[in-house]
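Working notes for the structure below.
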Amino acid sequence: MIHQKLGYRFENDWPSEHLEHISQNYKAGVTVPVNVKIQAKQHVLNLENVRQILSRARLISLMDCYCRLTFGHCDAPVNVCLDLNEVAEQHMAEFGAREITLDEVLDVLEKTHEAGLVHMAYGHGELYEPGVINSVCSCCTCCCGVLSGVQRFGLFPHLLTAHSSTVTDLSACIDCGDCVNRCQFGAREMPDGSLAFNPDLCFGCGLCVSTCPTNAITLIDKQ
């Protein structure tokens with residue numbers, strides 16, 4: 001996980017000029033946590049919230065993640081980029097994206113969650129309208145332009161909006177470190193063999209929640 005440290009660069013990495021271009025292209029990003037084991041009492045953005053976003057779309061397309069396909073710093077799934085409505089039409093025409101059903105979408109989201117990717121909803125490009133989500137992707141901090149920019153290059157500190165965070169029941173925590181390995185934001189560490197959690201770095205992605213063997217971690221509403 002050393003690549004998540006501020007300033008870390010791979011030999012084959014995003015140039016700063018391209019990251020600056022992305023900062024102008026992407027107007028808003030929202031982390032979309034996916035808790036595969038849905039609990040109705042949790043007031044968080046979970047799989048059902050994603051289902052609601054995507055179920056309102058008249059068209060959904062799927063294509064390969066350009067970032068992961070280009071850099072290949074991890075072995076996470078590549079065919080994960082989802083676009084909605086006009087953006088889906090544009091990417092189907094220009095890049096060969098294919099139309100998929102809602103059931104296929106949910107399968108993609110669950111598989112990428114299991115792989116440790118962060119689900120993020122975007123409004124971007126010339127077709128962006130304020131408050132409108134037109135893309136959902138599954139991102140990593142080693143390949144993805146936006147998420148790596150936030151985490152590794154110190155750029156776009158206000159790009160991501162987290163609507164959830166997590167709390168940990170330390171009495172149930174066994175200090176196994178599974179959540180540390182899953183956290184893409186560096187919010188969890190094991191400095192002395194015991195869990196240390198920084199809530200200021202938690203974006204509520206839910207990756208730690210579904211991994212905890214003792215169910216010690218819970219997603220909470222950040223508002």
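Bear in mind that the values in this text are calculations on the coordinates, not laboratory data. The model shown is predicted, which means the values in this text are computed figures rather than measured ones. Positions of Cβ are backbone-derived with ideal geometry, glycine not excepted, and every protein chain shown enters the neighbour counts.
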_Spans of strands (runs of 3 or more DSSP E) in the range 131-223 with at least 1 residues surrounded by fewer than 21 Cβ atoms within 10 Å (Cβ to Cβ) and touching a residue at least 24 places away in the same chain (Cβ under 8 Å)_ = 164-168, 217-221
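How many residues are among the charged types (D, E, K, R) and part of a helix (DSSP H, G or I) if we restrict to the range 1-21?
Residues that pass the stated criteria total 2.
I'd like the full set of residues that are among the acidic types (Asp, Glu) and within 20 Å of the chain's Cα centre (by Cα), limited to the range 173-223.
178, 189, 200, 221
Go through the range 170-222 and report how many residues are basic (Lys, Arg) and under 19 Å from residue 116 (Cα atoms).
Adding up the residues that qualify gives 2.
Just give me the residues in the range 76-100 being in a loop (DSSP other than H, G, I, E, B), at negative phi and touching a residue at least 24 places away in the same chain (Cβ under 8 Å), in sequence order.
Those that are in a loop (DSSP other than H, G, I, E, B), at negative phi and touching a residue at least 24 places away in the same chain (Cβ under 8 Å): 76, 77, 79, 80, 97, 100.
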